[in-house]
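One structure is given below, encoded as structure tokens.
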Amino acid sequence: MYGRSITPLQPAIDATGGSVLVVVLALVGLLLTAALSLVVAYLIVRGYRRNRNRARLYLAIGLVLLTTGPIVIQLLLTNFTPASQVSRSAAANASKLLGLGAMLYAIYGGMSPRTTGTNADRSDRVRDEP
């Protein structure tokens, strides 16, 4: 054997980027972030199904593209393709930009014009209790 020898007390696994514990904790953190964003997106989609407010649907799509998308893109491109760091970052940033765009559309683009009249539902006005 040339190079280094493995002793019984030396770990057989080697991690790029730091100790094995740090890498495992970082991976668990990424997976937890992705899972929580999917749970929140699911709850937003349930709200969309209740009242058919399209803004909620765009908000859920934006949340997934902003949080889960870059994580999945980075993991897949890093482990299964020979893509360069620049192309991986570009793909992850494109997902983030699309997510932010969808969220902005949910906030500002899906607004319907307010109607005026005595029976109009105005969310900026406090309703009197009967």
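Bear in mind that the values in this text are calculations on the coordinates, not laboratory data. In this text the structure is predicted, and so the values were computed from the model without any measurement. Cβ coordinates were reconstructed from backbone atoms using ideal geometry, including for glycine residues, and neighbour counts include every protein chain displayed.
When Leu66, Leu38, Leu59 are sorted by how many other C-beta atoms sit within 10 angstrom of their C-beta, beginning with the fewest, the order is Leu38, Leu66, Leu59.
Exposure proxy ranking for Ile61, Ile107, based on other Cβ atoms within 10 angstrom of each Cβ and starting from the fewest, stands as Ile107, Ile61.
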